[in-house]
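This report refers to the structure that appears directly beneath it.
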Amino acid sequence: MKRVMVLTGGGDCPGLNAVIRAIVKRADQEKDWEVIGSIESFNGILREPTEIVMLDDAKVAGIHVQGGTIIGTVNKGGPFAWPVKNNDGSWTTVDRSDEMIRKLSYMGVDAVINIGGDGSQRISQKLFEKGLNIIGVPKTIDNDLAATDFTFGFQTAVQIATEAVDKLVTTAASHNRVFILEVMGRDAGWIATHAAIAGGADVCLIPEIPYKLDKVIEKVNSRYHKGRGFCNIVVAEGALPHGGFATGENTHEVGNEHIRLGGIGEKLMLDLVHAGIEADIRTMVLGHLQRGGTPMAYDRVLATEFGVKAFEMVLEGQFGHMVAYRHPHINAVPFTEALIHPKLVKPRGDIVRTAKGVGIEFGD
Ligand code: F6P
C-alpha cells in the first residue's frame, strides 16, 4: 500500500475540509493508496507520540460542507522553526526538518500534500529542496497568491463581509451615521474592494492605495450635503494613511514573524472625529467571522478541484509544484514560480476602476 499524508497549515479557511475529502475520494479510486492526516500541520509528525489519523471514506463523509479543518491547523512554528523553551524560560527555535523527513520515510509516507498559504508553501519548497515528495495546495481568504486566479475561501469571506456591509447600511441610514467596517486581507485589499462594490460602500481603503484623510473627509461630507445622510466605509486591516504606517502589533510569538494587523478602523474613526465630522461614527471589526462557517458553493467546488488535482499530481510525481487555478484550467505551478511575489490589488487595475466607476472613494 502507498501512503500520502495530508496536512493543513496557516489560518483556517472555508473549503479546507472539501480539499481533504476530495483527496481521499480520488485516492480511493486507485485501490493501492491510503491517506493519512497529520494533526495541526507538521506538528502531528514531530510530536512524541505522533498525532496521525487515518483519513478514509467514512472519516470524510459530508465534511465538504463544514468550515475549519478536521485535522487542525497552526500558523506558527513548523519543522524549520520548532519552538523550544530554554532553561531561563525564554524561547528559541530549532530546525527539525531533517529529523521530520527521516520520520516520514520511517512511517512509509510516499508523498505529502500541504494545504496552506504562502508561509506554508515556503516550507513546502524548502522541504522539496531537501528531497521530500511534496505538493502544495494554496488556501487563503486573502486571495493574495499570484499563481492562482482565486484561492478557495475568498468568495466565502467576501460574502460574509458583503452581508456585514448590507446590514450596516440599514443601521447607518436609520441613524444618519458613518459606519466603518474593518475587514481582513493582510497586505491585500481584495476582500475590502469586492465587499465594497458588492455592498455599495461609499469609501474603500486598501493597503495598495495609501489614503489621504482629506479625501475621505470630503466624501463623508458629500454624503451629508442634504443635511441627513449616512456613509459606509470599508477598510482593509492593512490599509494605511499616505506617508503613514499600517496599524497592528508585534505579538513576539515564537516562530511567527507576522505583525498582527488590526485597529485601522478605530484609528480612522478618531481621525474623523478630530477632523470635525459631526455625524455619529461607529466602527466594527469583522475579524474571524470571515473565516468561519460553511463554505459557499463556489469555494466547495474550487476546493474539490484542487484536492482531486493534488492527488493526481502525486500519481504523476509532479512534486515541487503547487496546484493553481488559471481560468479555465487547474494547473500545476512550480513552488519557485508560485511564490515569487504576492498578488495585490493594482491601483489602476479593473477592479479599482470598476469601484471608482460607481463612485467609491479610495482616498487617493
Ligand atoms: O491570512 C488569513 C488571515 O485571516 C488574515 O486575513 C489575517 O490578517 C490573519 O489571517 C489573522 O491571523 P490570526 O488567525 O492569527 O489572527
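Laboratory data are not the source of any read-out in this text; all were calculated from the coordinates shown. Since we're looking at a predicted model, the values are computed, not measured. So basically every Cβ, Gly included, is an ideal-geometry build from the backbone, and we count neighbours across all protein chains shown.
With the requirement that a residue be among the small types (Gly, Ala, Ser) and either in contact with a His (Cβ under 8 Å, 6 or more places away or on another chain) or surrounded by 24 or more Cβ atoms within 10 Å (Cβ to Cβ) (or both), what does segment 156-171 give you? Steps first, please.
So the first thing to find is which residues in segment 156-171 are among the small types (Gly, Ala, Ser), and the list is 157, 161, 164.
Correct list: Ala157, Ala161.
From the list Ile123, Ile141, which residue is within 14 Å of the ligand (Cβ to nearest atom) and under 25 Å from the mean Cα position of the chain (by Cα)? So that I can check it myself, show each step before the final result.
Details: Ile123 fails: within 14 Å of the ligand (Cβ to nearest atom).
One residue alone meets the criteria, Ile141.
Within segment 55-99, work out how many residues are part of a loop (DSSP other than H, G, I, E, B) and either in contact with a Phe, Trp or Tyr (Cβ under 7 Å, 6 or more places away or on another chain) or of a type in the set (A, V, I, L, M, F, W, C) (or both).
Quick first cut of segment 55-99, residues part of a loop (DSSP other than H, G, I, E, B) only: 55-56, 61-62, 66-81, 86-90, 95-96.
Subset that is either in contact with a Phe, Trp or Tyr (Cβ under 7 Å, 6 or more places away or on another chain) or of a type in the set (A, V, I, L, M, F, W, C) (or both): 55, 61, 70-71, 74, 78-81, 95-96.
Count: 11.
Looking only at segment 107-143, count how many residues are acidic (Asp, Glu) and crowded, with 24+ Cβ neighbours inside 10 Å. Quick ask: steps written out before the conclusion?
Here is the first cut: in segment 107-143, the ones acidic (Asp, Glu) are 110, 118, 129, 142.
Filter again for crowded, with 24+ Cβ neighbours inside 10 Å, leaving 142.
Within segment 107-143, residues that are acidic (Asp, Glu) and crowded, with 24+ Cβ neighbours inside 10 Å number 1.
Step by step: first the residues of segment 224-252, then only those that are buried (at least 19 other Cβ atoms within 10 Å of the Cβ) and not hydrophobic (A, V, I, L, M, F, W, C), then the one that is farthest from the ligand (Cβ to nearest atom). Which residue is that?
Among them, the one singled out is Asn232.
Which residues, counting only those in segment 166-213, are among the hydrophobic types (A, V, I, L, M, F, W, C) and assigned to a strand (DSSP E or B)? Please lay out each step first, then the result.
From segment 166-213, those among the hydrophobic types (A, V, I, L, M, F, W, C) are 168-169, 172-173, 178-181, 183-184, 188, 190-192, 195-198, 201, 203-206, 209, 213; that's our starting set.
Matches in segment 166-213: Val178, Phe179, Ile180, Leu181, Val183, Val203, Cys204, Leu205, Ile206, Ile209.
So for segment 271-291 (the condition being of a type in the set (D, E, K, R), surrounded by 13 or more Cβ atoms within 10 Å (Cβ to Cβ) and within 12 Å of the ligand (Cβ to nearest atom)), does at least one residue qualify?
yes
Please verify whether segment 253-263 includes one or more residues that are assigned to a helix (DSSP H, G or I) and either away from the ligand (no atom under 16 Å from the Cβ) or surrounded by fewer than 18 Cβ atoms within 10 Å (Cβ to Cβ) (or both). Steps first, answer last, please.
Taking segment 253-263 and keeping what is assigned to a helix (DSSP H, G or I), we get none.
No.
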